[in-house]
1. Once Cα extents along the principal axes in Å is worked out from the coordinates, which option in [x] 63, 46, 42; [y] 80, 79, 47; [z] 84, 47, 41 does it equal?
2. Between L42, T207, C342, whose Cα lies farthest towards the positive end of the dipole of the chain when Lys and Arg beta carbons carry +1 and Asp and Glu beta carbons carry -1, centred on the Cα centre?
3. Give the long-range amide H neighbours of Q107: residues separated by 5 or more places, or on another chain, with amide H under 5 Å away, using H modelled in the peptide plane at 1.01 Å from N.
4. How much accessible area does E277 have with a 1.4 Å probe, in Å² rounded to the nearest 10?
5. When the label point is put 7 Å from the Cα of R267 along its Cα-to-beta-carbon vector, which residues of the range 303-333 have a backbone N closer than 15 Å?
6. With labels modelled as points extended 7 Å from the Cα through the Cβ direction, what inter-label distance (nm, one decimal) is found for V96 paired with K77?
7. Based on the Cβ-Cβ distance of L318 and T399, what FRET efficiency does E = 1/(1 + (r/R0)^6) give at R0 = 25 Å, to the nearest 0.05?
8. Which percent of the accessible heavy-atom area of the chain goes to carbon and sulfur, probe 1.4 angstrom?
Amino acid sequence: MNILALGLPGIEGQLQINWDLVNTCLQFAIWGLFSLLLAEVLRDIYHALCHQVSWLGKLHNKHHMAYRRDLSIVSLKTYQESQLYHDILESSLLVVILMVIALFLQQLGFWLGVTYAFTFLYGASLRYFQGKIDTDFNHLPGPLETIPSLWWVNRSYHWRHHFDDVNAYYSGVFPLVDTILGTGLSLKGKTVALTGASGALGQALATELTKHNAKVVALTTHPEKLQTQDKVAIISWELGKEADLRDSLEKVDILILNHGINVYTSRTPEAINSSYEVNTFSALRLMDIFITTVTGPQSKATKEIWVNTSEAEVSPALSPLYELSKRALGDIVTLKRLDGDCIIRKLILGPFKSQLNPYGVMSAQQVARAILFLARRDFRNIIVTINPLTYLLFPVKETSTWLYYRIFSKKAKSE
């Protein structure tokens, strides 16, 4: 039966789209998102300038003077002064700049950013005139119960700006500016323990870490292979006796697990046992021991573990037992990340020239520099390789594995 013949509207008439309205809504959304992003970038740039320009720094120091180490306020008067000389000043400048841009652009969506800036000014005004601290989310007092977030700035993330390194961690809501500037992780003054310190990558990492003013503790089973260096302490350890290192790890901020073996084509029982013992179980024992040192009200903000799981997690390494043991390590690291004990970074490294791989195409120095470049930008999965497939395959593998483990496993309840 012909629908049109019955005088009923046809399907074509029912599906008419007002493209002018769609275009207007899309334009509003794009300009709105851009304005929000610009507001955050401008706000964080101003914060960074406060630590670089002396006269701005004098005003901003009021903010840093207002808090104790547990983020409780020194006094109400000092706190209110910090709101006036930093928060109100910063948000007022942000409102003015965004309003000028909005008037110039004549885009309705951009006013979303202006409104967003006004929320900061409103909150700062409440804190100044009424002394309310409940809207000061990143400065609420008390112990830090979660690790620094990757996607937004939480209390643990911002605490580091006050008491870890005032010349880092500038971001206020989203860590975009810290990612760009390389201020998402400060190595200054950190004590970094490094296993596999006598290997090519271990020695290169030790050298690069000292350039960033870190104190390096070289953990090695072959101390005779290491030369004495300034700012590098050498501690020997034995496989299977990882518990002996606990006292040393108590004073460590970052533990880098970099030791391993490669039995190449061998598949004997001895090769299987040694591959898993060194590449998997020893690393996991050290992780568990280090996690027991993550105590105290602020330790979650500063303690980290970096694990060299290698590109073998997703790509062939032409050494089956190396691949199997490293994949097992990588999967268990993914599982342990769910507990949120401390930040755990993965180092997914391609072939570099070393004793384990004399045919590597990258140098250990190049890899070490790239690792620190990405770590300082707070990358939690640090991929350094010449294989483009790894950059595509690893995120898919890691996300799907993380989701599976999150659904089908749970943390044991502490008694």
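The values are calculated or read from the model by the stated rules, or taken from the named source; none is laboratory data. This structure is a prediction, so every number in the text was calculated from the model and none was measured. Cβ atoms come from the backbone with ideal geometry, glycine included; neighbour counts cover every protein chain shown. Only protein heavy atoms, including side chains, enter the accessible area calculation; ligands, DNA and RNA are left aside. Shrake-Rupley method; radii C 1.70, N 1.55, O 1.52, S 1.80 Å.
1. Structure-derived value, by its label: [y].
2. After comparing all options, I get T207.
3. Answer set, sorted by chain and number: none.
4. Roughly 60 Å² of E277 is accessible to a 1.4 Å probe.
5. The answer is 317-325.
6. 2.9
7. Given R0 = 25 Å and the Cβ-Cβ separation, E is 0.40.
8. 63
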